[in-house]
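These notes concern the structure reproduced below.
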Amino acid sequence: MNWTAISMFLVFVGFTLLVTRWAALRTRSASDFYTAGGGLTGMQNGLAIAGDMISAASFLGISAMMFMNGYDGLLYALGVLAGWPIILFLIAERLRNLGKYTFADVVSYRLAQAPVRLTSAFGTLAVALMYLVAQMVGAGKLIELLFGISYLYAVMLVGVLMVLYVTFGGMLATTWVQIIKAVMLLSGTTFMAFMVLRHFGFSTEAMFASAVAVHVKGQAIMAPGALLSNPVDAISLGLGMMFGTAGLPHILMRFFTVSDAKEARKSVFYATGFIGYFYLLLIVIGFGAIVMVGTEPSYRDASGAIIGGGNMVAVHLAQAVGGNLFLGFISAVAFATILAVVAGLALSGASAVSHDLYACVVRKGQASEQEEMRVSRLATLGIGLFAVLLGLLFESQNIAFLSGLVLAVAASVNFPVLLLSMFWKGLTTRGAVGGSLAGLVSAIVLVVLGPAVWVNVLHNERALFPYSNPALFSMSLAFLAAWAFSVTDSSERAREERGRYLAQFIRSMTGIGAAGASKH
Amino acid sequence: MTPEHLESISKHPAFVQLIQRKRRLNGSLTLAMLVAYYGFVLLVAFAPGVLGQSLSGGVTSVGMLVGVLMVLLSFALTGIYMHRANRVIDPLNEVVKQECAR
């Protein structure tokens with residue numbers, strides 16, 4: 001048992017539960033629950049968005065990639081970051097002007113409610129659940145390792161805290177937990193990077209030179225390696241990371257928590273700054289670890305492998321630069337990171353159930369706010385139970401393909417239809433549904449037939465689909481299907497839907513008639 | 001809003017100008033980002049050797065500098081956008097709102 005880490009984590013949990021209590025007292029209406037009343041500032045929301053992106057997976061995973069392969073880890077980080085300016089220029093403000101609680105509000109703005117919301121809710125739930133399972137399994141293993149508690153308890157603890165934050169504190173608690181964690185993680189990594197640079201006399205050249213000297217790959221770690229060597233895979237991965245981010249429902253939902261388009265714009269500016277800053281720090285941490293962790297025998301087991309696996313290098317580095325106290329802090333931050341991200345995912349899944357499926361499809365807009373919130377809380381509980389169950393079920397499965405699949409599905413199911421609904425007058429209900437389904441089916445089929453599942457999970461000799469990143473194909477197919485199903489749609493409904501585009505366009509560009517912040 | 005009202009907004013000179021300005025700003029910045037990022041990706045795919053070259057005789061490679069510049073570029077473009085949108089687009093948007101909202 002790692003008592004420093006556990007006590008620091010308990011302080012964090014205690015504090016976030018106080019925040020949840022504070023938030024619960026302020027969460028009265030559906031708008032409070034889904035969007036924190038729409039009153040967050042651009043800075044707060046920017047930190048929360050950055051918090052969603054700098055998850056435990058990116059902190060531990062990207063530093064591990066740099067530790068193993070050097071430069072390739074940076075390529076991965078750049079792909080995620082490059083999506084943010086595009087999100088800002090293309091969708092952030094229109095999203096805020098058109099939507100209220102979920103991105104399905106935007107897609108269904110001028111289209112038929114039931115079919116569009118059904119498919120969007122399905123896309124949201126697919127992404128949220130797959131993402132949750134990946135996080136749960138990662139969390140269970142990480143917490144087992146860091147805190148010395150069993151996998152079962154670790155997964156249940158994550159599930160219980162996640163449900164508590166969301167059901168009682170709604171978006172307000174979810175956001176503040178994310179902000180607190182983002183500040184903790186950014187300060188922790190800043191300290192680590194500072195200590196690493198101090199170790200090398202504040203010379204990055206000295207740091208890179210020592211890393212090259214001790215790494216088995218030598219000078220090769222300073223140049224692109226295997227990750228993007230195939231042009232088709234390179235572009236496909238780039239598209240998937242860039243537009244997958246723009247299709248993640250828990251990220252899209254954050255744009256409704258600010259008062260207007262101007263604040264939405266500010267959020268992305270701050271978020272891009274924080275995410276970029278974090279990735280620059282990760283370069284120092286990853287390459288520093290090659291020297292300070294890689295050459296230190298005490299971080300390796302008898303066979304010479306890193307104790308706890310490759311993903312633990314950032315944690316070992318924390319011990320190397322700051323001793324056991326700082327190791328405890330970073331462990332607690334890693335746990336906090338997982339909690340904050342899963343809470344956002346659960347909330348986005350629950351809103352798809354309560355707002356899109358229950359209030360808009362089942363009750364056709366006739367449900368009261370109280371009923372809608374009750375369903376949302378029940379849905380959170382259901383999603384929590386389901387996530388814990390899947391987390392336990394997949395404990396020893398190889399689920400590395402899930403994170404790639406999540407981005408591919410988000411980029412192919414949610415993003416094309418969202419973009420077309422805002423930019424293309426011709427999109428009809430038939431096109432939106434057809435496009436989403438084409439994206440969903442092709443993304444899943446191509447991942448299953450590709451190397452990640454067909455070879456690594458099902459142990460076949462050769463993949464039927466040669467590329468590990470399907471986004472280029474599945475996303476194109478989604479766009480194509482949405483276009484083809486729309487232009488061939490000559491029904492009366494389609495004509496009316498095209499006719500409603502002008503009103504939508506004016507609102508999306510000017511904000512006239514946009515939902516405002518709730519006042520209390 | 002009635003169809004006539006919508007029609008009048010869409011023909012209003014301030015609205016027309018707003019749309020033009022917005023399209024130019026968003027379009028050019030999107031293009032800049034896409035060209036920079038996919039140019040970088042293609043460079044990685046087709047000419048990784050260029051990025052592996054030494055920057056100034058030391059160990060630090062050209063690619064490392066380019067990577068850091070990509071991060072700074074992303075941030076700079078969002079900054080430029082915010083600055084232009086606050087200075088030029090928002091005042092124009094206010095005019096449209098005041099003249100067309102009723």
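Any idea how far apart B:LEU65 and A:LEU378 come out in nm if each label point goes 7 Å out from Cα toward Cβ?
Using points 7 Å along Cα→Cβ, the separation is 6.3 nm.
Okay, which of the stretch A:189-204 sit inside 20 Å, backbone N to the point 7 Å along the Cα-Cβ direction of B:SER56?
Backbone N within reach: A:197-198, A:200-204.
Under the Karplus relation 6.51 cos²θ - 1.76 cosθ + 1.60, θ = phi - 60°, what is the ordered set of whole-Hz ³J(HN,Hα) values for the stretch B:32-46, x standing for Gly and Pro?
So the Karplus estimates, Gly and Pro as x, are 4, 5, 5, 4, 4, 5, 6, x, 4, 4, 5, 4, 4, 6, 9 Hz.
Structure shown: which of A:LYS425/B:LYS11; A:LYS266/B:LYS97; A:LYS266/A:LYS425; A:LYS100/A:LYS425; A:LYS266/A:LYS364; A:LYS266/B:LYS22 lie over 26 Å apart, alpha-carbon to alpha-carbon? Walk me through the numbers before you get to the answer.
Working: A:LYS425/B:LYS11 18 Å; A:LYS266/B:LYS97 21 Å; A:LYS266/A:LYS425 28 Å; A:LYS100/A:LYS425 21 Å; A:LYS266/A:LYS364 35 Å; A:LYS266/B:LYS22 17 Å.
Checking Cα-Cα distances, A:LYS266/A:LYS425; A:LYS266/A:LYS364 exceed 26 Å.
For the stretch A:254-311, report the % of Cα-Cα distances exceeding 15 Å. Write down the numbers at each step before the final one.
Numbers: 1073 of 1653 pairs.
More than 15 Å apart: 65 percent of the Cα pairs in the stretch A:254-311.
May I ask which residue of B:LEU43, B:ALA32, B:PRO91 lies farthest towards the positive end of the charge dipole of the stretch B:10-95, with charges of +1 (Lys, Arg) and -1 (Asp, Glu) on Cβ and the Cα centre as origin?
About the Cα centre, the residue reaching furthest to the positive side is B:PRO91.
Could you tell me, in Å, what Rg and Dmax come out for the Cα atoms of the stretch B:49-101?
Rg, Dmax (Cα atoms, Å): 20.3, 62.
When only C-alpha pairs under 8 Å and at least 6 residues apart count, what is the relative contact order of chain B, in percent?
Numbers: 43 pairs, mean separation 33.3, N = 102.
This gives 33 percent for chain B.
Once you place label points 7 Å from the Cα toward the Cβ at A:GLN219 and A:SER29, how far apart are they in nm?
Simple spin-label model gives 6.5 nm for this pair.
What residues qualify as long-range amide H neighbours of A:ALA112, i.e. H under 5 Å apart, gap of 5 or more or another chain, H built at 1.01 Å from N?
Those qualifying (amide H under 5 Å, at least 5 residues apart or on another chain) are A:THR429.
Report, in cubic angstrom per residue, the convex hull volume of the C-alpha atoms of the protein assembly as shown. Provide the component values of the computation, followed by the final result.
Working: hull volume 92.3 nm³, N = 622.
Hull volume normalised by residue count: 148 Å³.
Please report the spacing between the Cα centers of the stretch A:227-256 and the stretch A:444-464 in Å, no decimals.
21 Å
For chain B, just the Cα atoms, rotate onto the principal axes and tell me the three extents in Å, largest first.
66, 25, 17
Read phi for every residue in the stretch A:436-452 and hand back ³J(HN,Hα) as whole Hz from Karplus 6.51 cos²θ - 1.76 cosθ + 1.60, θ = phi - 60°, with x for Gly and Pro.
Result, ordered by residue: 4, 5, 4, x, 4, 4, 5, 4, 5, 4, 5, 5, 5, 7, x, x, 5 Hz.
Give me log10 I(q)/I(0) at q = 0.15, 0.32 Å⁻¹ for the stretch A:132-175, Debye formula, one equal scatterer per alpha-carbon, no solvent.
Debye output, listed in q order: -0.40, -0.99.
Mind putting together the pair-distance distribution for the stretch A:397-478? All Cα pairs, 5 Å bins, whole percent per bin, short to long.
Cα pair-distance distribution for the stretch A:397-478, in percent: 3, 18, 24, 20, 14, 9, 7, 4, 1, 0.
Would you work out the charge dipole size for the stretch A:146-296 about its Cα centre, treating the Cβ of every Lys and Arg as +1 and the Cβ of every Asp and Glu as -1, and quote it to the nearest 20 debye? Each step should come with its number before you reach the end.
Details: 7 positive and 5 negative charges, 52 e Å.
The dipole magnitude comes to about 240 debye.
Using each residue's phi in the stretch A:221-231, evaluate 6.51 cos²θ - 1.76 cosθ + 1.60 at θ = phi - 60° and report the 3J(HN,Hα) Karplus result to the nearest Hz, with x for Gly and Pro.
Result, ordered by residue: 6, 8, 10, x, x, 7, 4, 10, 6, 8, x Hz.
Could you tell me how far the Cα centroid of the stretch A:328-406 sits from the Cα centroid of the stretch A:165-212, in Å?
Distance between centres, Cα-based: 26 Å.
Please state, as a whole number in µm²/s, the translational diffusion coefficient that the Stokes-Einstein equation yields for the stretch A:55-207 at 20 °C and 1.002 mPa s, with Rh defined as the Kirkwood radius across alpha carbon pairs. Working shown, then result.
On the way: Rh = 19.2 Å.
Roughly 112 µm²/s, to the nearest whole number.
Say R0 is 30 Å: what FRET efficiency, to the nearest 0.05, do A:VAL441 and A:PHE386 get from their beta-carbon distance?
Working: r = 23 Å, r/R0 = 0.76.
It comes to 0.85.
If I model a spin label as a point 7 Å beyond the Cα along the Cα-Cβ vector, how far apart are those points for A:GLN113 and A:TRP3 in nm?
Going from the A:GLN113 label point to the A:TRP3 one covers 5.9 nm.
Computed from the coordinates by the stated procedures, all read-outs in this text should not be read as laboratory data. This one's a predicted model, so the numbers in the text were calculated from it and none came from an experiment. We place every Cβ from the backbone using ideal geometry, glycine too, and count neighbours over all the protein chains shown.
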